[in-house]
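**Q** The structure is given below, and queries will be raised subsequently.
The values are calculated or read from the model by the stated rules, or taken from the named source; none is laboratory data. Quick caveat: nothing in here was measured; it's all calculated off a predicted structure. All Cβ positions, glycine included, derive from the backbone under ideal geometry; neighbour counts span all protein chains shown. We work out accessible area using only protein heavy atoms, side chains counted, and drop any ligands, DNA or RNA first. Shrake-Rupley method; radii C 1.70, N 1.55, O 1.52, S 1.80 Å.
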Amino acid sequence: MSVTEAERDQNGYALGRTPEEYERLRGQARVWEAATGRLLDQVGLAPGASCLDAGCGPGETMRLMAQRVGPGGRVLGIDVDTSLSAMALAMLRGAGHRQCSFHAHDLTAAGPIPGAPFDLVYARLLLFHLPERAAVLARLWDAVAPGGHLVVQ
């Protein structure tokens, strides 16, 4: 087993945690941006809303959420990759999105999602990477506020 394969096994993300992978994720987010923006608009994401981006990665969806909820809203990103998320949070804060925060959290671990409930719980391509899909989906649903939305893209 190579060092790269061992790292992948250790952190549970098959595509690795490298600068190249982080750039690939940013590019992928740009491809999905228009479709994701339309979904956020369709659920009526409004100023002052609270949002969770589950598996937030490079923070591009958090940025779309922050633009819609404004400074009176709240956007929490959760991910197991603290390095990528720290870069994402720095980018968001640098762009003036002080309503964004990050929490390192493993969605496969039992227990509630921190900061819940949320008006919108969002996950894009997250379940693809997890073996416990039904349990994670149940945890995401439990984090939705009454009258809120769970969007899995």
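**Q** Specify the residue that is farthest from the chain's Cα centre (by Cα); the eligible residues are those in segment 67-80 that are buried (at least 23 other Cβ atoms within 10 Å of the Cβ) and under 11 Å from residue 97 (Cα atoms).
**A** Taking the candidates together, the pick is 69.
**Q** Let me ask you something else. I'd like to verify a number: residues in segment 110-146 that are among the small types (Gly, Ala, Ser) and modelled with pLDDT under 90, how many?
**A** Filtering segment 110-146 for residues among the small types (Gly, Ala, Ser) gives 110-111, 115-116, 123, 134-135, 138, 143, 145.
Okay, now just the ones that are also modelled with pLDDT under 90, so 110-111.
Going through segment 110-146 one residue at a time, the tally reaches 2.
**Q** Let me ask another. Please verify whether residue 47 is open to solvent by 40 Å² or more (accessible area, probe 1.4 Å), in a loop (DSSP other than H, G, I, E, B) and either of a type in the set (Lys, Arg) or at pLDDT 95 or above (or both), treating the condition exactly as stated. If you could, list the steps in order and put the result at the bottom.
**A** Values: open to solvent by 40 Å² or more (accessible area, probe 1.4 Å): yes; in a loop (DSSP other than H, G, I, E, B): yes; either of a type in the set (Lys, Arg) or at pLDDT 95 or above (or both): yes.
Taking the combined requirement at face value, the residue satisfies it.
**Q** May I pose another question? Could you say which residue among 136, 121, 144 is open to solvent by less than 30 Å² (accessible area, probe 1.4 Å) and over 25 Å from residue 48 (Cα atoms)? Show your work before the answer.
**A** Values: 121 fails: over 25 Å from residue 48 (Cα atoms); 144 fails: over 25 Å from residue 48 (Cα atoms).
The match here is 136.
**Q** Regarding residue 101, is this residue of a type in the set (Gly, Ala, Ser), open to solvent by 30 Å² or more (accessible area, probe 1.4 Å) and modelled with pLDDT under 95? Walk me through how you get there before you give the answer.
**A** Details: of a type in the set (Gly, Ala, Ser): yes; open to solvent by 30 Å² or more (accessible area, probe 1.4 Å): yes; modelled with pLDDT under 95: no.
Judged against the criteria, residue 101 is not a match.
**Q** Looking at segment 81-95, is at least one residue within 20 Å of residue 148 (Cα to Cα), at pLDDT 85 or above and open to solvent by less than 20 Å² (accessible area, probe 1.4 Å)? Can you show your working first?
**A** Start the filter on segment 81-95 by keeping residues that are within 20 Å of residue 148 (Cα to Cα), which leaves none.
No: zero hits.
**Q** Tell me yes or no: at least one residue of segment 54-63 is modelled with pLDDT under 95 and more than 26 Å from residue 134 (Cα to Cα).
**A** yes
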